[in-house]
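This report refers to the structure that appears directly beneath it.
The values are calculated or read from the model by the stated rules, or taken from the named source; none is laboratory data. Note that the coordinates shown come from a computational prediction; the quantities given were computed from them, not determined experimentally. Cβ coordinates were reconstructed from backbone atoms using ideal geometry, including for glycine residues, and neighbour counts include every protein chain displayed. To get the accessible areas, we keep the full protein, side chains included, count just its heavy atoms, and leave off ligands, DNA and RNA. Shrake-Rupley method; radii C 1.70, N 1.55, O 1.52, S 1.80 Å.
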Amino acid sequence: MLIDHVAEPQPLLQLTPLGNSSDKFFYYSFMKAAESFEISMASRVEIDEDSDTNKGSMWVLDQKLDQPMDEEAGRLRNMYREKKFSALLLMRLAFQSLGVVFGDLGTSPLYVFYNTFPHGISDPEDVVGALSLIIYSLTLIPLLKYVFVVCRANDSGQGGTFALYSLLCRHANVKTIPNQHRTDEELTTYSRSTFHEQSYAAKTKKWLEGHASRKNALLLLVLVGTCMVIGDGILTPAISVLSAAGGIKVSSPGMKNDYVILVAVVILVGLFSVQHYGTDKVGWLFAPIVLLWFLLIGGIGIFNIWKHDSSVLRAFSPVYIYRYFKRNGRDGWTSLGGIMLSITGTEALFADLAHFPVSAVQIAFTTVVFPCLLLAYSGQAAYLMKNHDNKTVLQAFYLSIPEKIYWPVFIVATLAAVVASQATISATFSIIKQALALGCFPRVKVVHTSKKFLGQIYIPDINWILMILCIAVTAGFKNQSQIGNAYGTAVVVVMLATTLLMTLIMILVWRCHWILVLIFTGLSLVVECTYFSAVLFKVDQGGWVPLVIAAAFLLIMYVWHYGTLKRYEFEMHSKVSMAWLLGLGPSLGLVRVPGIGLVYTELASGVPHIFSHFITNLPAIHSVVVFVCVKYLPVYTVPEEERFLVKRIGPKSFHMFRCVARYGYKDLHKKDDDFEKKLFDNLFMFVRLESMMEGCSDSDEYSIYGQQTERSMEGLINNNGNTIGSTADLTISSVDSIVPAKSPLHANNTMSSSSQLSMQNEIDELEFLNNCRDAGVVHILGNTVVRARRDSRFYKKIAVDYIYAFLRKVCREHSVIFNVPHESLLNVGQIFYV
């Protein structure tokens, strides 16, 4: 029986590229000797064909992997694990991480004390209490939670909420769009751990997978965290640049606040306008600027402690936190919204983790960032102990700077604010790219700005939206206090989402003891819920801004994901039966015209409905049809040599193939001709491999992907039509064709005839494919329109008929993403109702 999908394909061939030239040569080698193969009887093989199950006995060829191949597989996997670095290189990476990871956290001293005491300081002892809160906030959240725990939960170096979600998707079936295949798990970057069925992790996994509502709740949690990160991308440039520009008023007290806002807006416009150049050319400046900034604020802090009041160091005792709350009551509680700003940038620390090992980040934070921040806050507190009037609190940072170095510090502060804003904007681009890859964001243009670093991208549409919203926030609020309230709300919600995701990571991925999970989750929630309760008091004082921004982006992302999921379910349920396709015969009941038709579909198995819709409405189809599926997996990248999965559909006379192109959420589908070229290279390679294996099976089902080749064999039939027993010997011919060997002479004759026939078939089919390719390639894309049913509820009609339809209209078309020439494009329209 000819089928489209076999349950358990067995890997047979190793395919290795030689050289880097445009004309690639490949050598094919079987895994060692003939004795490494054995024939076993499969008493039951289940074949999935359009939800029908065909059961029967057939011969299955099994292969024993020898040790050298295990070593090679291990070597490939180790390429994508964190490497061990020398001490010198680790210090260099720690230095470089300062400019990318810690810019946002480092500029917090510009505005923390003003937002903590917006109405002035009534009692100098309150400064000590606030400083104690800042010290323990920095210790518990950035240092202990993020640097030493959360950063270790990275997805092969990638951080952020979607990286955590991808880890969970690999360890539990929680992905809402079920487009994964078991072959995806064999990727070198697809790492996952297993656990005992009776373990706590297995029970948690079963609970998560038990109901669709839990999967949706997990996705909603990830989307909320993502939307708040986008809010950070708007609020961080606003408060950082405005706070830095506020230093102008210190030297010119009579200057109006409008001029400060104008300077901040000019800097913001310039910052967003140069985003398309990327940070590759100027990125080398970021680390020296941020290092100089940390050394300056640390040095100024030491100076202020020595000059003004060294008694502020008693704030290292947590007793002063208790006294602070006892003395101030509700006002002290609400002031936590300002204290919260001392740990802003912590989530960006995790999201910007991509290019640095965790150990480098830990070294940079513990040796430079953490000590300098403690000294900076302690120095400001010492200054405020002696100068605590309202005007002094407003510009506490700039007024505490020694007069001789004021302007150099002002320049460095402005540059540090720009670097911090750049890091947050880059993190926003990165997390939107991840959301787009996982089907949770409308298709937007993504530009790769660096040839060296995969993660440096630029999204024009998002960039201008961020700029407009950032300028609106800056010019609308006109003061740091309200922006600070908004900023604190966004940060604490992201931290809560990360805590809940980390709880699942510790259970499913790390398999920690439940006591450790309870301790981490309990401590994190106590601290973060305390801050969250404080920022709720300031929702009407600017805290509503990130909630509105997040709600708008959440609506867009969830509606887009809902429409994408329904479209996928429609294709799954309406895919064409293989029996119907095979019944049409080799000509498919149509005229086969010269050329190759690339039918794009979201299905990784089965024949899509648009194909049957196409052939029932047009009288002709191309001589060769290739079903192309481009899908994104919950991994950060798919190695180039493992990207394509190719197999044949139906008999050879049908000339129908399937090609699945797999990408990770950090990979870019570049706008060039490489995709089509690589697709055909892999298709031709598949035909060669198939022809080499022609003698060992009567099955037409093969798969190859990059360096791996998979094939399912239904049985081995001898020349007389008798089934070969399980004890038959195997011989490998000169062209790697496997045939049963009863005697050396018989084997040699069989191999010779099989070899000649296979080579001739290979030449004929390759020539046929080349001729069809020369005749022209047509890209057939489905244009599925989603509509709500007439009896649907009104909110569903608004979401589907208006919001989703609008997003589909304004987002990029698939033809643009795949760089399909307009003259080679053919759209097949269809409508379905949800």
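Does ALA417 qualify as being out of contact with any helix residue (DSSP H, G or I) (no Cβ under 8 Å at 6 or more places or on another chain) and touching a residue at least 12 places away in the same chain (Cβ under 8 Å)?
Answer is no for this residue.
Results for (1) over 30 Å from LEU466 (Cα atoms); (2) in contact with a Ser or Thr (Cβ under 6 Å, 6 or more places away or on another chain); (3) polar (S, T, N, Q), shown as yes or no for each residue.
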| site | (1), (2), (3) |
| --- | --- |
| ILE321 | yes, yes, no |
| SER335 | no, yes, yes |
| GLY379 | yes, no, no |
| THR392 | yes, no, yes |
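Name, by its number, the condition in (1) surrounded by fewer than 23 Cβ atoms within 10 Å (Cβ to Cβ); (2) over 18 Å from ILE141 (Cα atoms); (3) of a type outside the set (Ser, Thr, Tyr) that does not hold for VAL526.
(2)
Yes/no per residue for (1) modelled with pLDDT of 85 or more; (2) of a type in the set (S, T, N, Q); (3) under 21 Å from VAL778 (Cα atoms):
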residue	(1), (2), (3)
THR616	no, yes, yes
VAL624	yes, no, yes
LYS647	yes, no, yes
TYR663	yes, no, no
LYS666	no, no, no
LYS670	no, no, yes
ASP681	yes, no, yes
GLU690	no, no, no
MET693	no, no, no
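If I filter the range 185-208 for residues that are buried (at least 18 other Cβ atoms within 10 Å of the Cβ), polar (S, T, N, Q) and not assigned by the TED database to the domain that holds THR498, do I get at least one hit?
Yes, there is a match, as at least one residue in the range 185-208 is buried (at least 18 other Cβ atoms within 10 Å of the Cβ), polar (S, T, N, Q) and not assigned by the TED database to the domain that holds THR498.
Could you say whether any residue in the range 436-451 is modelled with pLDDT of 90 or more, surrounded by fewer than 23 Cβ atoms within 10 Å (Cβ to Cβ) and under 26 Å from ASN154 (Cβ atoms)?
Within the range 436-451, not a single residue is modelled with pLDDT of 90 or more, surrounded by fewer than 23 Cβ atoms within 10 Å (Cβ to Cβ) and under 26 Å from ASN154 (Cβ atoms).
Only one residue in PRO408, PRO402, PRO460 is under 20 Å from the mean Cα position of the chain (by Cα) and surrounded by fewer than 23 Cβ atoms within 10 Å (Cβ to Cβ). Which one?
PRO460
When you check PHE365 against the structure, is it assigned to a helix (DSSP H, G or I) and either open to solvent by less than 10 Å² (accessible area, probe 1.4 Å) or over 15 Å from ILE135 (Cβ atoms) (or both), yes or no?
yes
Name the helices (runs of 4 or more DSSP H) wholly within the range 252-343 that hold at least 3 residues that are open to solvent by less than 50 Å² (accessible area, probe 1.4 Å)?
257-273, 283-307, 319-328, 336-339
Against the definition (more than 33 Å from the chain's Cα centre (by Cα), assigned to a loop (DSSP other than H, G, I, E, B) and not aromatic (Phe, Trp, Tyr)), how does PRO586 come out, yes or no?
Judged against the criteria, PRO586 is a match.
Look at GLN380 and say whether it is open to solvent by 10 Å² or more (accessible area, probe 1.4 Å), assigned to a helix (DSSP H, G or I) and in the same structural domain as PHE294 (by the TED database).
no
How many residues are outside any loop (DSSP other than H, G, I, E, B) and open to solvent by 10 Å² or more (accessible area, probe 1.4 Å) if we restrict to the range 146-164? Give the steps one after another, and end with the answer.
Taking the range 146-164 and keeping what is outside any loop (DSSP other than H, G, I, E, B), we get 146-147, 150-153, 155, 158, 161-164.
Okay, now just the ones that are also open to solvent by 10 Å² or more (accessible area, probe 1.4 Å), so 152, 158.
Residues meeting the conditions: 2.
Show the residue pairs that are 6+ apart or on different chains and have beta-carbon atoms under 8 Å apart, the first residue being within the range 351-363 and charged (D, E, K, R), the second being open to solvent by less than 40 Å² (accessible area, probe 1.4 Å) and not in a helix (DSSP H, G or I).
Final answer for the pair search is ASP352/GLY159.
So if I check each of ILE465, ILE515, ILE519, which one is under 30 Å from ARG812 (Cβ atoms), part of a helix (DSSP H, G or I) and open to solvent by 20 Å² or more (accessible area, probe 1.4 Å)?
That would be ILE465, the only listed residue that is under 30 Å from ARG812 (Cβ atoms), part of a helix (DSSP H, G or I) and open to solvent by 20 Å² or more (accessible area, probe 1.4 Å).
Return yes when VAL638 is of a type in the set (Val, Ile, Thr), closer than 22 Å to SER605 by Cβ, outside any loop (DSSP other than H, G, I, E, B) and open to solvent by less than 40 Å² (accessible area, probe 1.4 Å) and no when it is not.
On the way: of a type in the set (Val, Ile, Thr): yes; closer than 22 Å to SER605 by Cβ: yes; outside any loop (DSSP other than H, G, I, E, B): no; open to solvent by less than 40 Å² (accessible area, probe 1.4 Å): yes.
So VAL638 fails the test.
For the range 589-609, enumerate the residues that are more than 28 Å from LEU187 (Cβ to Cβ), at pLDDT below 85 and surrounded by 18 or more Cβ atoms within 10 Å (Cβ to Cβ).
Correct list: HIS609 only.
Identify, by number, the condition in (1) in contact (Cβ under 8 Å) with a residue 24 or more places away in the chain; (2) open to solvent by 10 Å² or more (accessible area, probe 1.4 Å); (3) over 20 Å from the mean Cα position of the chain (by Cα) that LEU235 doesn't meet.
(2)
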